[in-house]
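The values are calculated or read from the model by the stated rules, or taken from the named source; none is laboratory data. Please read these numbers as outputs of a predicted model, since none were measured by experiment. Note: ideal-geometry Cβ built from the backbone for every residue, glycine included; neighbour counts use all protein chains shown.
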Amino acid sequence: MPSVKDELLQWNDACQLFEAKDYKQSLILLDAIADTSKIHFSMGIAFINIKKEEQAIAALSKAIACDKYMAIAYYVRGILFFRRDFFAEAIADFSDALENMRSNLVIDYTQIGMAHKLHAFEIAFNRGLCYSANGKMDAAIADFDDADRMHPSTGDKLALEEKIDQAVDLGDRAVDYVNVFEMDYSKAVFKPSEEKVKNAKRVNYLGTSKVVAGVDETDAFAGFSGTLVKSQKNLVNSGPFEGNGMGGSETLTRKKSLTDVSVSSARKEKADAARAATLTRMRIDPVPDSLARRPSAPIISSRNSSMALDPVDISKLDLGRATGGTLRSGSRGAGGTSLRSEVSESRMSDKIRVKCNYKGDTRQIMVPMDVTFKELQSKIQKKFDSSRPLRLKYKDGDAMVMMSDEEDMEIAFDIAGVRSGKSVEVWCSD
């Protein structure tokens, strides 16, 4: 079973193949790790690019099964139903997509890995076109009016108004001449976080070894310029020394000539004569050999002497007395903080404080650092005594973003700065 890091790197490789338009190879990599709504949605988009709409509908259905609040999955599946003239199914999907917009006019999926913004007016117009195909013009006109009202002030609103006028004029024949709003399927793929991919890649901190010195085969020379072999192994220096000049095994001897021997003998005789004359003049007899060769004091070896100290056995020392008594569990350290308080502080550092807002009521819970999204949702449900799981949102700047899976929860924690000890605040709804 591949590790989480391996799956992350494989997901990143699949996205690179998708961008290179190698959709089939991308599908092979995605299918091996398909266990989240984002992966199944990306597979559905890849199937659309290779013109396999039935497989795309199946993949999008799996994405919805993993995340029933995924508005973009309902939206794309509704478009596929519209293409196949399944207008009732398309109306149901567009209705679910609008419901999961949570009254927001736009959802920016860029912050969770996909470069696309889903607009509510596009969903409303597409549903109105499906109503007109079924002959329900009153419902169609109501959706067209909602689309015109939901359109942002910035953007090409005139193009939307022209499409609405054309659809109203054509009535039930509008489906043959007016196109629904769609997305750019060549870019609609969820990508993993770049920071996580960077941290997942293996880094060789030690580097590779490099040879900086070479030695010849006789091991007689070493240098820093590669393998050097001496051309001459027995070099003899010229001069007053004999033997090997490059560190041979023979003893170096000095050449002695006859002139050197005669000069040395003359100097010795002259020195002896001067010494004898001095002793005669001072009338001092030579020192007897018995006094001159007095034996020196014996040297005591520290290795064999009985005065050498035995090594100290540390295990026999009374450490309790040396430190002033045995330490107790309730004793305080140098800083005045008890061991019990230090343990409690270390335990508190492993917790995250979550501030929960629900129907005007604010409560707080503590969760571990490695809490899962399901555990967080369950604990908040128990805190407010709710009969079913609550929908969670977090704040990113001025926008309220839906928290629906593990990655959304991690993004919320990172924005709040829980790693540095700060709390995170969530808003709950039914």
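Couple of notes before you dig in:
- Hits in region 157-198 - residues which are within 30 Å of Leu17 (Cβ to Cβ) and either without any contact (Cβ under 8 Å) to a residue 40 or more places away in the chain or assigned to a helix (DSSP H, G or I) (or both): Asn179, Glu194, Glu195, Lys196, Val197, Lys198
- Restricting region 392-414 to residues that are among the aliphatic types (A, V, I, L, M) and surrounded by fewer than 16 Cβ atoms within 10 Å (Cβ to Cβ) leaves a set whose member that is farthest from Ile365 (Cα to Cα) is Ala399.
- Residue count, region 27-56 (criterion: part of a helix (DSSP H, G or I) and either free of Cβ contacts under 8 Å to residues at least 60 places away in the same chain or of a type in the set (Asp, Glu) (or both)): 14
- Hey, Gln16 part of a helix (DSSP H, G or I) and out of contact with any helix residue (DSSP H, G or I) (no Cβ under 7 Å at 6 or more places or on another chain) or not: yes
- The numbered conditions (1) within 30 Å of Asp145 (Cβ to Cβ); (2) at pLDDT below 95 are all true for Ile64 except (2).
- If you go through region 415-429 and keep only what is part of a strand (DSSP E or B) and either exposed (fewer than 15 other Cβ atoms within 10 Å of the Cβ) or among the charged types (D, E, K, R) (or both), you end up with Glu425, Ser429.
- Within region 57-105, the set of residues being among the charged types (D, E, K, R), surrounded by fewer than 24 Cβ atoms within 10 Å (Cβ to Cβ) and outside any loop (DSSP other than H, G, I, E, B) comprises Lys62, Arg83, Glu89, Asp96, Glu99.
- When Thr154 is tested against (1) part of a loop (DSSP other than H, G, I, E, B); (2) modelled with pLDDT of 90 or more; (3) surrounded by fewer than 19 Cβ atoms within 10 Å (Cβ to Cβ); (4) of a type outside the set (Lys, Arg), just one condition goes unmet, and that condition is (2).
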